[in-house]
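The values are calculated or read from the model by the stated rules, or taken from the named source; none is laboratory data. Please read these numbers as outputs of a predicted model, since none were measured by experiment. Quick reminder, even Gly has a Cβ in these numbers, built from the backbone with ideal geometry, and neighbours come from all protein chains shown. For the accessible areas, the whole protein counts, side chains as well, though only heavy atoms, and no ligand, DNA or RNA atoms are used. Shrake-Rupley method; radii C 1.70, N 1.55, O 1.52, S 1.80 Å.
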Amino acid sequence: MNNTVYAPWSKPFHIMAKAAGASCNMRCKYCYYLEKDKNFNPNSINKNNMSDDLLKLFVKQYISAQPLNQTVFFTWHGGEALLRPIKFYQKALYFQKKYAFGRKIENSIQTNGVLVNDEWCKFFRDNNFLVGISLDGTEKQHNHYRRMIKGEASFNKVMRAIRLMQKYGVAFNILSTINNYNGNSPIEYYQFLKNIGAKFIQFTPIVERCKKGQLDYTHLEVPVMNADKSQGLLSDYEDIEMATYSITPKQWGNFLCDLFDEWVRKDVGNIFVQMFDTALANWLGYPPGLCIFEETCGHAAIIEHNGDVYSCDHFVYPRYFLGNIKNKPLTLMMQSEKQGDFGLLKKEALTTQCKECIYLFACNGECPKNRFAYSNYGEKGHNYLCSAYYQFWEHISPYMDFMKDCIMKEKHL
């Protein structure tokens, strides 16, 4: 146990809301919800809907728990968030306005794009929604894993959505998952996104494990966050291997370095890649804005369609259940000792190799969900992607040092 006092309303926290639960109109091969949310009946695309009463309760609690001088950020996720109709989000806006009490409210929504049409685009534009749209690169790269329920390709539907959002002036960014397939062609991937007019790009490495012999649609629970901090983050499982679609550390390191080289020569200030912005923030000593590189975690949780709250989107398992907003306020859950311990363990469970690393300030051990490897000292709980990130930090270090120097000189002029 730790002795830290968690004072309510002293620091903002973030809750990602799954308005449609795990329900989705696609079946992407690498989707970790396929197994993780099986208790919420994800096989029916309209089964797991947040009720209006729960929506009202969530909006009221979430806003009231935030500091008065802070913008309140609502993130609507899934599953597929657009399986809820526009009227659901109109009600959310109504409740936000009702309970804001002077606070500024901003909304973002993540979608696979399949259901985006003119009506949705007008709604997004008129209500200042930031839309995250999932696109894994070129038609061949995207369709390799991102398929509809019956197996049809989804690329053309996503591109139609992007063209519509551009037509209506909707603010959007691209969220790409980098896997064992598109991870081999970073330049082709990046040039394609540039050519379609993408200005803001986020990418996430696919890292999933499974039991040997069950390489498809069988995801293992993330490493256990043990109460015994000296043991780090351990796996419950033996006889496991990486899922076939997972990216390897070598692929991820090469992808990041090659893409950075292409970006830094031509697109600094014109195209914004979250990973590169985050790196520069860490070099400057600012908050990175990306939870996986924060020193601690625990400030970003997930609420399911039924009101259940979990410590993190990647830890939706019984041991990380914080409560239900129908009988326990969000503030008490997020300021609880259980959530505090969860967040602090990210730092306290670092391996010796991490603690000795010159790039600890930039990485902080990355996401706990990926800590199932062994360190150079044989310690359990080391990050699977460590060598990739070390390669990347080493590669960009001269550029980051230069950018930092320029920014600091300009700041003191």
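Quick notes
- Residue match in the stretch 357-364 (condition: within 28 Å of Asn179 (Cα to Cα), open to solvent by less than 40 Å² (accessible area, probe 1.4 Å), among the aliphatic types (A, V, I, L, M) and touching a residue at least 40 places away in the same chain (Cβ under 8 Å)): yes
- Among the residues of the stretch 186-223, the ones that are modelled with pLDDT under 65 and touching an Asp or Glu at 6+ places or on another chain (Cβ under 6 Å) come to 1 in all.
- Ala100 without any contact (Cβ under 8 Å) to a residue 60 or more places away in the chain and either farther than 30 Å from Tyr32 by Cβ or open to solvent by less than 50 Å² (accessible area, probe 1.4 Å) (or both): yes
- Residue under evaluation Asn43, criteria (1) open to solvent by 40 Å² or more (accessible area, probe 1.4 Å); (2) within 23 Å of Tyr145 (Cβ to Cβ); (3) at pLDDT 90 or above, criterion not met: (3)
- Qualifying residues in the stretch 88-110 (those that are in a helix (DSSP H, G or I) and under 26 Å from the mean Cα position of the chain (by Cα)) - the one farthest from Ser134 (Cα to Cα): Phe95
- Every residue from the stretch 174-209 that is open to solvent by 20 Å² or more (accessible area, probe 1.4 Å) and either aliphatic (A, V, I, L, M) or part of a strand (DSSP E or B) (or both): Leu175, Thr177, Ile187, Ile196, Phe200, Gln202, Thr204
- If the condition is being crowded, with 21+ Cβ neighbours inside 10 Å, touching a residue at least 40 places away in the same chain (Cβ under 8 Å) and in a loop (DSSP other than H, G, I, E, B), then the stretch 367-399 contributes Cys367, Arg371, Phe372, Tyr384, Leu385.
- Listed by first and then second residue, the pairs with beta-carbon distance under 6 Å, at least 6 apart or on different chains, first residue in the stretch 153-169 and more than 14 Å from Glu119 (Cα to Cα), second not in a helix (DSSP H, G or I), are Ser154/Arg146; Ser154/Met148; Lys157/Val114; Val158/Gly113; Val158/Leu135.
- Among the residues of the stretch 265-279, those that are part of a helix (DSSP H, G or I) and either in contact with a Pro (Cβ under 9 Å, 6 or more places away or on another chain) or on the phi > 0 side of the Ramachandran plot (or both) comprise Asp277, Thr278, Ala279.
- When Gln353 is tested against (1) open to solvent by 50 Å² or more (accessible area, probe 1.4 Å); (2) in a helix (DSSP H, G or I); (3) modelled with pLDDT of 95 or more, only condition (1) is not met.
- Residue selected from the stretch 103-151 under the condition among the charged types (D, E, K, R) and touching a Lys or Arg at 6+ places or on another chain (Cβ under 9 Å), by the criterion farthest from Ser23 (Cα to Cα): Asp118
- Residue pairs meeting the criteria (Cβ under 8 Å; at least 6 apart or on separate chains; first over 26 Å from Tyr384 (Cα atoms), in the stretch 253-276; second of a type in the set (D, E, K, R)): Asp267/Lys194; Asn270/Lys199; Ile271/Lys194; Ile271/Lys199; Phe272/Lys199
- The combined condition, being open to solvent by 30 Å² or more (accessible area, probe 1.4 Å), outside any helix (DSSP H, G or I) and touching a residue at least 40 places away in the same chain (Cβ under 8 Å), is fulfilled by Gln70.
- Answer from Phe321, Phe276, Phe260 - the residue that is open to solvent by 20 Å² or more (accessible area, probe 1.4 Å), hydrophobic (A, V, I, L, M, F, W, C) and more than 15 Å from the chain's Cα centre (by Cα): Phe321
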